[in-house]
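Working notes, structure below.
The values are calculated or read from the model by the stated rules, or taken from the named source; none is laboratory data. None of the values given here were measured: they were computed from a predicted structure. Neighbour counts are summed over all protein chains in view; Cβ atoms, including those assigned to glycine, are modelled from backbone coordinates with ideal geometry.
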Amino acid sequence: MSPRGHGGELDELRPRSPGCGGALEQQIVAKKRAEDEVRTLSDHDPLTGVASPRRFGDRLSVALIHAQRYKQRLAIFQLGLDNFGVIEDKHGRQIADDLLKSVAVALESTLRQTDTIARMERDEFTIPAPRHQARGRHRKWLADKLRLALRSPFGIGGHDLVVTASMGVALFPRTGPTRRACSRARTWP
């Protein structure tokens, strides 16, 4: 006897044939996979795999709250590839996309596993630096480390592509208490 008696609500929800339960499970699993994929796509840049602007914004908000609470500094590095449009025009979209992927890997390799790097625009990457890296000498050290990651030519599609980058740093609290102020300001390290 079911908890509600014969013909109760639970009996109505049970599959009537052996095939229904499997189909329902498959639908639930497919829906869960689709939700996971949407979450992954919203958290990661689909081309490079680094953090998306949305995920970066979330991480930056938490970092700003932490910095305010503990009266610490926060630095946000913005790195834009110089003459990227020329490379794309000369070699095509696929080579340019492959270059962006390689640049993302090179930049990620300079950071700790817990650090975040995000691709904000076509050829612009942003990296928040925690409190100890927000100090002057540490900012310079990290900036040099990021530049060094781009020093060697990238071998892509039979071409050795040399990349340079312009870099700026926004400093909290110097640039203000908001996420927008920190992500828009550019101060050289």
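Structure notes:
- Matching entry among Leu107, Leu99, Leu64, Leu81 (being assigned by TED's automatic domain parsing to the domain that holds Ala129 and either more than 20 Å from the chain's Cα centre (by Cα) or within 20 Å of Arg135 (Cβ to Cβ) (or both)): Leu64
- The residue of the range 100-133 that is farthest from Ser52 (Cα to Cα), among those that are in contact with a Phe, Trp or Tyr (Cβ under 8 Å, 6 or more places away or on another chain) and of a type in the set (Val, Ile, Thr), is Val103.
- Leu99 vs. criteria of a type in the set (A, V, I, L, M) and farther than 21 Å from Ala149 by Cβ: no
- Residue within the range 74-81 that is at pLDDT 95 or above and surrounded by fewer than 10 Cβ atoms within 10 Å (Cβ to Cβ) present: no
Residues are listed down the side, and each one gets a yes or a no for (1) of a type in the set (Lys, Arg); (2) crowded, with 17+ Cβ neighbours inside 10 Å:
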| position | (1), (2) |
| --- | --- |
| Ala106 | no, yes |
| His138 | no, yes |
| Arg151 | yes, no |
| Asp160 | no, no |
